[in-house]
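Here's the structure, in structure tokens; my notes come after.
The values are calculated or read from the model by the stated rules, or taken from the named source; none is laboratory data. Because the structure is a prediction, the values reported are computed rather than measured. Methodologically, a virtual Cβ is constructed for each residue, glycine included, from the backbone with ideal geometry; neighbour enumeration extends over all protein chains shown.
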């Protein structure tokens, strides 16, 4: 039996406890949070889980082999570093760290201690995103022209990181996964409407190898909750909508055709072509449950996770470049190789 401890019992901590508790061969033994109300809530929901105020009680418990870090982003580096030093494997919520240097340090520590360090890029366990990746690999959309992501809602508003660190990290991980590469350059602008010093809204443009453009809009200040990624290719267009009523994916048989314009030899008309809309079958499952099952499987056979620390470092590199571009009023910035 693999003993697991969860550090942080805010929004995501209880979900980790619930999902990990359902995985055969694993048991959540303890959860830590300094907030007494949160500890009381954990004790009501999960009577078998010991709720403690200090995370060090988890790291000192010999029965616990792995920990989940589900605390505010600004605390990830210190807590993951401490957990790795104690000999524990770690699943850390995204982002792995708030800077490239800190993320690199954690990845190197995990390697030195021969520990598994997995990053909670949950959308890479989302069946809709996995199906989208399969469709793109099979060239259903043809050559990709561009990708467009929207991730908005009215809150929740963070106080330790800006909206890019909080929300765009999801779409960066998705884009890198879909393209199998990192962007080479970024350009981004942000807006600070609710507080000074913290961006609530951001518009980001990334350029991937092959001149594929990826745009991302993220906002804590929006009337609608939206979780969408659109991929436009030279054959078809595919939309992933995490909140879609008909299903998470829709394939649009739409494109622009080049037809010869015989009045002037050598010229072409660009004509819009409308076709059918297809809704592919996607076997739905809770991404966090799939993530939990994968984490436990990695712990059992000591295998490399789908979302390893190195992936967290790559996302941190992109986030750093976005931050530099925003500070330079949207000037293009190269992503660290």
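Structure data summary
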| read-out | value |
| --- | --- |
| Yes/no for residue 40 being within 22 Å of residue 166 (Cβ to Cβ) and free of Cβ contacts under 8 Å to residues at least 24 places away in the same chain | no |
| Residue within the stretch 286-304 that is surrounded by fewer than 13 Cβ atoms within 10 Å (Cβ to Cβ) and assigned to a strand (DSSP E or B) present | no |
| Enumeration of residues in the stretch 80-99 that are part of a helix (DSSP H, G or I) and surrounded by fewer than 21 Cβ atoms within 10 Å (Cβ to Cβ) | 81, 82, 85 |
| Of residues in the stretch 61-81 being in contact (Cβ under 8 Å) with a residue 24 or more places away in the chain and out of contact with any strand residue (DSSP E or B) (no Cβ under 9 Å at 6 or more places or on another chain), the one farthest from residue 8 (Cα to Cα) | 81 |
| Filter result (buried (at least 18 other Cβ atoms within 10 Å of the Cβ) and not in a loop (DSSP other than H, G, I, E, B)) within the stretch 131-161 | 131, 132, 135, 136, 144, 147, 149, 150, 151, 152 |
| Check on residue 52, crowded, with 17+ Cβ neighbours inside 10 Å, more than 22 Å from residue 288 (Cα to Cα) and touching a residue at least 12 places away in the same chain (Cβ under 8 Å) | yes |
| The lone exception for residue 313 - which of (1) free of Cβ contacts under 8 Å to residues at least 12 places away in the same chain; (2) in a helix (DSSP H, G or I) it fails | (1) |
| Among the residues listed as 252, 203, the single one being modelled with pLDDT of 95 or more, within 20 Å of the chain's Cα centre (by Cα) and not assigned by TED's automatic domain parsing to the domain that holds residue 28 | 203 |
| Filter pass, residue 232 being closer than 24 Å to residue 172 by Cα, out of contact with any helix residue (DSSP H, G or I) (no Cβ under 7 Å at 6 or more places or on another chain), buried (at least 16 other Cβ atoms within 10 Å of the Cβ) and touching a residue at least 60 places away in the same chain (Cβ under 8 Å) | yes |
